[in-house]
Amino acid sequence: MEVIIKDNYTEISFLAADYLINTVKTKNDAILGLPTGSTPIGMYKAIINQYKDKISFKNVRTFNLDEYVGLDRRNKNSYRYFMDENLFSHIDIKEDNIHIPDGVAQDLKQECRDYEELLKTTGQMDIMYLGIGHNGHIGFNEPGDYFEPFTHIVKLTEDTIEANKRFFANLDSVPKTAITMGIKTIMSAKKIILLASGSSKAEAISKTVKGKITPRVPASILQLHDDVTLIIDKEASKLI
């Protein structure tokens, strides 16, 4: 596990963008695993502002980590809407190459199976980007008794709901369930990059880097991957 510590959020965002762009330059049909939330917004802005006229995403395929159950792509709080606003509508990626779980599928369990099958048939992800929750979750894989391997429906913890309420009108309107890639699916990527910024993530980062591997801290499983890079700022690194 490589840990790169930068001075601030802007620096981690630009470095993360560099990794993504270099991946696409090396392989123009790269398969990217992408996150949402506040942490990757700076990376997406850097890609749009610095690189969109220098590289094409026409052959790139993307798989997002997760989506809220009950929110369709027109809902401003859905992750599909987030990705369109923050990245996809600003680059030349093809609609058919964008893959995000359908949070309003009639059969959610079948949607999980279909998403997992699509991931397998498309090929190994070249690079998987992750954020990290205060409780150590990656994607929406919450702390629990075991590592859920594949794409699944998850009940969000109170900590996660509380953390996400800033994006919603009030706490009651925050979805309580989501679809997320599982741990084995995440770990199947060739390379994983985890981004973290701020002192509120310091404890989770410490447990990820030097804690025991446990489903109580889902990100700790990253210690077992052959090619993981943590790009974090000084505040997030203060406990390691």
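The values are calculated or read from the model by the stated rules, or taken from the named source; none is laboratory data. Not measured: the values here are computed from a predicted model. Cβ coordinates were reconstructed from backbone atoms using ideal geometry, including for glycine residues, and neighbour counts include every protein chain displayed.
Restricting the search to the range 26-41, which residues are crowded, with 21+ Cβ neighbours inside 10 Å and either without any contact (Cβ under 8 Å) to a residue 40 or more places away in the chain or within 17 Å of F82 (Cα to Cα) (or both)?
Matches in the range 26-41: L32, G33, L34, P35, T36, T39, P40.
When residues of the range 5-55 are filtered for being over 18 Å from the mean Cα position of the chain (by Cα) and within 16 Å of I132 (Cα to Cα), how many remain?
1
Can we say A196 is under 21 Å from L230 (Cα atoms) and of a type in the set (A, V, I, L, M)?
Judged against the criteria, A196 is a match.
Find the helices (runs of 4 or more DSSP H) located wholly in the range 1-100 whose residues include 3 or more that are in contact with a helix residue (DSSP H, G or I) (Cβ under 9 Å, 6 or more places away or on another chain) and either closer than 24 Å to E117 by Cβ or β-branched (V, I, T) (or both), and list them.
Per the criteria, 9-26.
Checking the structure you have, find out if any residue of the range 108-127 is assigned to a loop (DSSP other than H, G, I, E, B) and in contact with a helix residue (DSSP H, G or I) (Cβ under 7 Å, 6 or more places away or on another chain).
The answer is yes, given that some residue of the range 108-127 is assigned to a loop (DSSP other than H, G, I, E, B) and in contact with a helix residue (DSSP H, G or I) (Cβ under 7 Å, 6 or more places away or on another chain).
Taking the conditions exactly as written (touching a Leu at 6+ places or on another chain (Cβ under 9 Å) and not aromatic (F, W, Y)), does G37 satisfy them or not?
When the stated conditions are applied, G37 does not pass them.
Conditions tested, residue by residue: (1) more than 14 Å from H134 (Cβ to Cβ); (2) surrounded by 15 or more Cβ atoms within 10 Å (Cβ to Cβ); (3) not small (G, A, S).
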site	(1), (2), (3)
I186	yes, yes, yes
I193	yes, yes, yes
A196	no, yes, no
S200	no, no, no
P215	yes, yes, yes
L224	yes, no, yes
D227	yes, no, yes
I231	yes, yes, yes
A236	no, yes, no
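Report whether or not D53 is acidic (D, E), modelled with pLDDT of 95 or more and either in contact with a Lys or Arg (Cβ under 7 Å, 6 or more places away or on another chain) or over 14 Å from A196 (Cα atoms) (or both).
No: the conditions fail for D53.
Condition first: farther than 20 Å from G70 by Cβ, basic (K, R) and out of contact with any Pro (no Cβ under 6 Å at 6 or more places or on another chain). Now tell me which residues in the range 147-192 satisfy that.
If the condition is that a residue be farther than 20 Å from G70 by Cβ, basic (K, R) and out of contact with any Pro (no Cβ under 6 Å at 6 or more places or on another chain), then K190, K191 are the ones that fit.
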